[in-house]
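Heads up, the thing below is written out as C-alpha cells.
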C-alpha cells in the first residue's frame, strides 16, 4: 500500500512519518513514533485513554487518521511535564492517590489540562461532565475529581 | 485489502470532482467519529476518503440574513463557543453538544451526524425542528434542501454519490422564539439516544404559541416530524393540558423497534415525556428572548 | 478426641450423611489418613478440594498443622479471590 | 504490633507511590507497550457461533499469504487429559484451559478462539484471518442458566456427569456439580419463625471491565527457552499454565509482568499468552498479541450471571431463626463458577443457627467465567441483603438494627462452619448508624438503602527479597504485580520495619526467574501475605545490621539494638559508640561479611475476614425510570490501613463497580447466541458524571495474624452495592426490584406495573 508522508509537530518538536491512509493517529503515535503514553482501551472513542490535543482541541487519537495531522500541532502526555518539572495536575494526581492501575491516567491528565485551560474554576459537576469520556474502572472517579478541583484551586491561588 | 486513498481538497469544486470520479466508492470525512469506527470494524471498505476540513466553507460559521450559516464540518466544540448560535438556536447547539464526550465534541459535526443517517442521531431532530436548510453541491451544481428531506432510512440519504453538504442555514428568528432538544440515555453521558425530542416555538406578547415544530428521534426508521404535535401547541399558552396533549400525540406517533438500547414500549412512553419536557424548556427560553 | 466436622456435600458422598466425628490425630496428615481408612476415597477428596479450620484458624493448604485432643476441626472448601475458578 | 500502635511512623500515612511518576508521564510500560526487533503481529480468529462442531479448518490460503509467518489451530495445542489438579491453592482443569485457549472439536461460545496467525503487520494478519476457512456444523445453544439445567437442554460436554449427587447420573448434564452447605435444622428453624420472607432474584453476568485489554509479547528461542511479557495478576501462574500447555519445563519459561491496566480477577488466567508463545515458537520470531475491546468482551471474563432464591425466617424481635438459599450460577462454557464461595458467603455475616444452601455450577454457551472481586459473594449476598430489607420493613425495625441484632462477632460459628476470630462487622454497622448520611433528610422520589457484605480474604505463597545497596538505600523485590498501589504499601512496611525514610525504599516487581514462587495478586492477599514476606525479610536485614555493627564495635550482638534506622549500643555498659547508620554499615559491608540481604519465602496463614456496610441515596424519575445515585457512603473494616489513600481508593472503586452492576451493566445476546454489546458504548460501565463522591469510613479492628493488623480490602466493597441500591430504590418507590441490572426500562415497567 502507498504510504503517505506526513509532516507535523508533536509536543513542540517538528516530526515526520510515513503512514497508511487508514492508520489512526493513535497507531502512528504508538507504533511509528513510539510514543506509547497514549493508550488504546477501545479504539472506538468510548474510553478516552488515547486523549491528545490536536491543534488545541481535545480529541481521541483513535478517531483521527494519522494523515489528518498534516501541518497540525499534536500534544500528548509525553509533552505534559517540562524538563524534570511535573505539571501541577501530574503532581496533584500523585499526592492525592488519584490513580490505581494507571492505564487511564494519561488520558485523564490530558483531558483535565484542557479543561483547566478553558475553565480555571470548574464546579464538581463541570469536571465530571468534561471527564465523562475518560473511563476509569479502578478509582470510582472520586480522587480524580478531587485532584482536578484541588489543582484548579491551587493554580487560581498561584 | 482494497487500496485506500486519502485526499484533502481545499475547494468544493475539487472535492466534488474527487467524489464524482470515485463513483460511489468514496466516503466523506468530516469529524470522523462515525467513519473511523466503521472503517475499523470493517463495516465499510471505501477506495477513497475525502477530508473536507480544509475547505473554508465547511469549517466556518457566518451570519446570513439575520440567521447563520454553519459549515458542515464545524465541530460541536466550535459551535458551542459561538454566542450567536447559542442565543438563537440553543436547542440545535445543545443537541450537537450532547453527542459523545468532550473528545468527540472536538470532532463531531452537524454534517457528519446528518449524513451518517442514524435514526438516533441527536442533532437531526433539533435541526428538523428548527426548519434548517442545507446547501448541497455536486458535479451537477448546487441545490438547497430541507434537513428533514435528507434522511430516508437507516444509513440512507437523498444525497447523490458525487454530492456533499457544504453548510446548514438557520433562519433569522422572530422575538420570543427559542428551541430545545432532550434525549434519554441510560447513563448521563456516552450513550446513543434511546429517544430524542426537539421542539422549536414562537410566542406572542401574551404568551400564546404562534408557531411550533416538533421532531422525534430513535422512535422510527427516520426522524419523525410531529405535525399534530405542532398543532396542539399552536394557539395554546403551553399550559398543562396542551403539554399533556403533546405527550400523548408524541407517544402515539412512535413506530420504534426493540433493540439493545430500548424496547418499543419504553421508547413509546419516554418519547411523550421528553417531547413534553423539551417544549417546557423551549417555552421558558422563548419567554426570555 | 478432636471434633471433626465435614461439609454435608462430603458426608453425602463418603460418610453416608455423618457430618460430625470424634477422632484422635496429632496433625492434619494423620487425620486424613485415619479418615480414609474408615471412609475409602475421602482422603483424596480432602487433599484435593479442602481447606481446614482448626479452632477457627483457616489453613488453605493443610498438611502438618497440629491437632490437640479438644480441637474443633472443620473441613471446608478452599476459597480465594476467585482463584478457585481459574480455568 | 496492633492497629492501635501509636508510634508507627509510616503505616497509615499516604506517601506518593514509588511507581507514580512513570504512571503520570506515560513512561510506564503496560502490556501492549513493549516492542522487540523483528516482532510479528499475532491475531486470533474467533467463532461467530455460540455452539458448533468444527468439521474442518483449512489454513492453507492464509499460510500462503506473503507476510504470514505462522498459523496455529488446536492441532498445535497438546490436548491434555481431563484432570483437576492443584495449582498453587487452585483447582484447575488443564484440559478445559487448553480448550478455552484454542477450541478443539467444538466451539462453545461466540468469540471462542479457533485459530491464530502471526504476520508482519496488522493488515496482513487481518487478511490472513479472513483466508482461514472453517466448516462448522451449528448446534442448538443455551444462554440462560435455568434453560441449561432443563431436561432437554443442548448439552455442551457429552462427558459431563453431575458431581456431588449419588447415585452417579447415567446421562450427561450441563450441571457440573451440586454444592451443599447445611448447619442445624432449617425446617425446625422456620417452625419457630414469626415471619418468613422468600424471594427469587436474577443477576446479570458482569465483566471486570479493566481499561487495558489483554496483551502478551512472546519470544521463543531455538533452545526451547522462552520469554514472555504480559499484563497479568500473576506471572508465576502464567508460567505454570503456559509451560503445561506447551509441554515445557516450567523453568525454561521466564515471565515478566508488565504494568497492569486493571484486572479485578480477570487477569488471573491465560488467553493470549500461550497463543503468542505457540506462534513465536512456530515463526521463530517475537510475537505480540493484543486483544481488541470487542475480543475482551466476547472471549474473556466475566463473572457469573445467576438465578437465586432466598428464604429467611425471623422472630418478631428480629432474631433470624433460619436461612435457606438455592443458587444457580453460570460457569460459562467450561465448569467452574464461583458457586462454592457464593454458597459459603450467602449468610456468613450473620449468626444463624439453621442454614441450608444449595448451589449449582452450570455450563452455558458464554465465555468461561473468570474471577471477579469476591467471586460469587456479591450474587448470593445481594439476595440475602434484599430479603433482610423487606423483613426489616415488615416488622418495622431499623434495617441496621436488624443486622446488628444478628451480626456475627468473634467466636460466632460462621454459616460455612468455623468460628470467627476478631472481626469488625458490628463496628461497621455502628459507624454507619452514626454517620450523618444515615439521618440526612430526603426529598420527593428519593430513597435510602443500606446493605452489608462479607469476604473471607486469603493469604498464601509469597516471596520477598530486601537488598541493601552500597549507599544504604533499599531495594524490595516481590512477585506481586502492582495493580492498585501495592508497591507503596510494600515500601511503607519495609520502611517501618527498618526504621528508615520510606523514600529510601525502592520496591520492584520481579520476573519469574528472579524470585521464588509467589501466588497471584488477588483475593486481597498482597498487602497481607506479600507484606508479611517483606516484613520478615526486612527483619532479617535488621538482624544482619546488628551483627555487622557488633563486629565493627567488636562487642556482642546482644549489646546492639536497632532504633530509627541506626545501630546503637544497648546501654552504657555495652560501650560508648556513635550510632551507625544503615549507610555507614552498608558502605563497609564487604569488610564485615559481604552484601546485606534478607529473603523470605512463606505461605501466609490467618487472613482476616472483612465486612462492609454501605449507605446509598437515590432519586428515581417516575416518568423515565432513571435512577440517580445522589449520595454514597461505604464503611469497611480494613484491620489496618497501610496506605490510607489507596485503601480508600479500593473501597471507592469497588463500590462504583457494584453501582454499575446494580444499574446498567449486562450482556445482551441475540437469538443466535451472539453477543450484541461487545464494547464500552453499549456495555455501560459508570462514567464520572453518573456518580457522586464516594464517602469512605475505614474501621480498624486489627487482624492478630499480621504484624500491623492488615486485613484484605479490595474484594469486600463490591459485595454490598447491588442490594444497597435496590433497597434505596425500594425506599423511594415502594417497589422491590428483583432483577439486575435495575436499568430504566425495568424500573419504569415496575413503577407502571405497580400503578
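Within region D:686-697, is even one residue out of contact with any helix residue (DSSP H, G or I) (no Cβ under 7 Å at 6 or more places or on another chain) and surrounded by 23 or more Cβ atoms within 10 Å (Cβ to Cβ)?
Checked against the condition, which is being out of contact with any helix residue (DSSP H, G or I) (no Cβ under 7 Å at 6 or more places or on another chain) and surrounded by 23 or more Cβ atoms within 10 Å (Cβ to Cβ), region D:686-697 yields at least one hit.
Hand me the list of strands (runs of 3 or more DSSP E) wholly inside region B:5-111 holding 3 or more residues that are more than 14 Å from chain A (Cβ to nearest Cβ) and touching a strand residue (DSSP E or B) at 6+ places or on another chain (Cβ under 9 Å).
So the answer is B:61-64, B:67-71.
Which one of B:283, B:247, B:269 is under 30 Å from residue D:668 (Cα atoms) and in contact (Cβ under 8 Å) with a residue 12 or more places away in the chain?
Just one listed residue meets the conditions, B:269.
With the checklist (1) away from chain C (no Cβ under 14 Å); (2) part of a strand (DSSP E or B); (3) buried (at least 23 other Cβ atoms within 10 Å of the Cβ) in hand, flag the one item residue D:134 doesn't pass.
Just one mismatch for residue D:134, condition (3).
In contact with a strand residue (DSSP E or B) (Cβ under 9 Å, 6 or more places away or on another chain), within 14 Å of another protein chain (Cβ to nearest Cβ) and either in a helix (DSSP H, G or I) or more than 22 Å from residue B:66 (Cα to Cα) (or both), is that true of residue B:187?
no
For (1) out of contact with any helix residue (DSSP H, G or I) (no Cβ under 6 Å at 6 or more places or on another chain); (2) outside the structural domain of residue D:280 (by TED's automatic domain parsing); (3) closer than 24 Å to residue D:204 by Cα; (4) not in a loop (DSSP other than H, G, I, E, B), each residue gets a yes or a no:
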position: D:57; (1), (2), (3), (4): yes, no, no, yes
position: D:80; (1), (2), (3), (4): no, no, no, no
position: D:115; (1), (2), (3), (4): yes, no, no, yes
position: D:152; (1), (2), (3), (4): yes, yes, yes, no
position: D:159; (1), (2), (3), (4): yes, yes, no, no
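Would you tally the residues in region B:185-214 being closer than 24 Å to residue D:747 by Cβ, under 17 Å from the mean Cα position of the chain (by Cα) and crowded, with 24+ Cβ neighbours inside 10 Å?
Matching residues across region B:185-214 total 5.
Could you check, for region A:9-17, whether at least one of its residues is at positive phi and within 13 Å of the chain's Cα centre (by Cα)?
yes
For region D:522-630, give me every one of the strands (runs of 3 or more DSSP E) that falls completely inside it and has 2 or more residues that are within 14 Å of another protein chain (Cβ to nearest Cβ) and touching a residue at least 24 places away in the same chain (Cβ under 8 Å).
D:597-604, D:610-620
Go over the candidates D:645, D:673, D:679, D:753 one by one and state the one that is surrounded by fewer than 24 Cβ atoms within 10 Å (Cβ to Cβ) and free of Cβ contacts under 8 Å to residues at least 40 places away in the same chain.
Every option except D:753 fails the conditions.
Yes or no, residue by residue, for (1) surrounded by fewer than 24 Cβ atoms within 10 Å (Cβ to Cβ); (2) outside any loop (DSSP other than H, G, I, E, B); (3) within 13 Å of chain D (Cβ to nearest Cβ):
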position	(1), (2), (3)
A:37	no, no, yes
A:71	yes, no, no
A:98	no, no, yes
A:103	no, no, yes
A:126	yes, yes, yes
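Across region D:249-265, what is the number of residues that are crowded, with 23+ Cβ neighbours inside 10 Å, touching a strand residue (DSSP E or B) at 6+ places or on another chain (Cβ under 9 Å), under 16 Å from residue D:522 (Cα atoms) and within 12 Å of chain A (Cβ to nearest Cβ)?
Qualifying residue count for the region: 2.
If only one of C:21, C:35 is modelled with pLDDT of 90 or more and in contact with a strand residue (DSSP E or B) (Cβ under 6 Å, 6 or more places away or on another chain), which one is it?
Being modelled with pLDDT of 90 or more and in contact with a strand residue (DSSP E or B) (Cβ under 6 Å, 6 or more places away or on another chain) holds for just one of C:21, C:35, which is C:21.
Here's the yes/no breakdown for (1) surrounded by 24 or more Cβ atoms within 10 Å (Cβ to Cβ); (2) farther than 26 Å from residue D:457 by Cα; (3) under 26 Å from the mean Cα position of the chain (by Cα):
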position: D:198; (1), (2), (3): no, yes, no
position: D:206; (1), (2), (3): yes, no, yes
position: D:211; (1), (2), (3): yes, no, yes
position: D:219; (1), (2), (3): no, yes, no
position: D:237; (1), (2), (3): yes, no, yes
position: D:244; (1), (2), (3): no, yes, yes
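Within region D:342-359, can one find any residue that is part of a loop (DSSP other than H, G, I, E, B), farther than 17 Å from residue D:186 by Cα, within 12 Å of another protein chain (Cβ to nearest Cβ) and touching a residue at least 40 places away in the same chain (Cβ under 8 Å)?
So far as region D:342-359 goes, no, none of its residues is part of a loop (DSSP other than H, G, I, E, B), farther than 17 Å from residue D:186 by Cα, within 12 Å of another protein chain (Cβ to nearest Cβ) and touching a residue at least 40 places away in the same chain (Cβ under 8 Å).
Does residue A:66 fit the bill of being outside the structural domain of residue A:132 (by TED's automatic domain parsing) and farther than 25 Å from residue B:100 by Cα?
no
With the structure loaded, tell me whether residue D:435 is more than 14 Å from chain C (Cβ to nearest Cβ) and under 21 Å from residue D:638 (Cα atoms) or whether it fails that test.
yes
If residue D:26 satisfies all but one of (1) on the phi > 0 side of the Ramachandran plot; (2) in contact (Cβ under 8 Å) with a residue 60 or more places away in the chain, what's the number of the condition it fails?
Exception for residue D:26: condition (2).
I'd like to verify a number: residues in region C:1-58 that are more than 22 Å from residue D:413 (Cα to Cα) and part of a strand (DSSP E or B), how many?
1
Quick check on my filter: what residues within region A:54-69 are more than 9 Å from chain B (Cβ to nearest Cβ) and in contact (Cβ under 8 Å) with a residue 60 or more places away in the chain?
Matches in region A:54-69: A:66, A:69.
The values are calculated or read from the model by the stated rules, or taken from the named source; none is laboratory data. The shown structure was predicted, so the numbers you read here are calculated from the model rather than taken from an experiment. We place every Cβ from the backbone using ideal geometry, glycine too, and count neighbours over all the protein chains shown.
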